1. How many of the residues in segment 69-109 are of a type outside the set (Ser, Thr, Tyr), closer than 30 Å to ALA30 by Cα and modelled with pLDDT under 80?
2. Does LYS6 meet the test of being surrounded by 11 or more Cβ atoms within 10 Å (Cβ to Cβ), at pLDDT 75 or above, among the basic types (Lys, Arg) and over 25 Å from the mean Cα position of the chain (by Cα)?
3. For segment 28-58, what are the residues that are farther than 18 Å from HIS76 by Cβ, in contact with a Ser or Thr (Cβ under 6 Å, 6 or more places away or on another chain) and part of a loop (DSSP other than H, G, I, E, B)?
4. I need the full set of residues from segment 14-30 which are loosely packed, with under 10 Cβ neighbours inside 10 Å and either closer than 24 Å to ARG69 by Cβ or not assigned by TED's automatic domain parsing to the domain that holds GLN64 (or both), in order please.
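The values are calculated or read from the model by the stated rules, or taken from the named source; none is laboratory data. All figures in this text were calculated on a predicted structure; none of them were measured in a lab. Ideal geometry is used to build each Cβ from the backbone, glycine not excepted, and the neighbour counts take in all protein chains shown.
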Amino acid sequence: MKAICKRVDVMGSAIIRKPGSGRPKTIRMAENIEKVDEMICSQENQPKTSKSIRKISEELNVQQSSVQRIVKRDFHLSAFRHVPSSQKQLNKNVLSAARNLFDVCQWLCQRRFFH
């Protein structure tokens with residue numbers, strides 16, 4: 001029992017594993033990472049040549065989640081969605097209305113409890 005506790009303290013696990021055991025990496029290999037790198041970023045002097053994760057996964061015959069994992073973990077990039085300025089203004093208006101409603105509710109609660 002002491003040996004197991006000591007192994008957990010030292011190694012972080014009670015399981016003894018041989019090096020190289022477990023499922024081998026098949027998708028996040030250097031070759032696939034290089035291919036994704038070439039496709040994900042626009043080339044110099046050729047703007048708008050980058051490809052979407054969906055297109056890259058189709059061309060490399062790799063799952064979209066695997067391409068997303070490579071992009072996120074290896075290149076530290078994240079996908080974003082373009083929000084039109086009209087939508088941003090609408091969101092600001094909704095947020096402003098919600099704040100006003102919250103202020104009114106607070107005022108009513110204070111009035112109720114203090115009168």
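1. The number of residues fulfilling the criteria is 3.
2. Spelling it out, LYS6 is indeed surrounded by 11 or more Cβ atoms within 10 Å (Cβ to Cβ), at pLDDT 75 or above, among the basic types (Lys, Arg) and over 25 Å from the mean Cα position of the chain (by Cα).
3. The one that is farther than 18 Å from HIS76 by Cβ, in contact with a Ser or Thr (Cβ under 6 Å, 6 or more places away or on another chain) and part of a loop (DSSP other than H, G, I, E, B): THR49.
4. ARG17, PRO19, GLY20, SER21, GLY22, ARG23, PRO24, LYS25, THR26, ALA30
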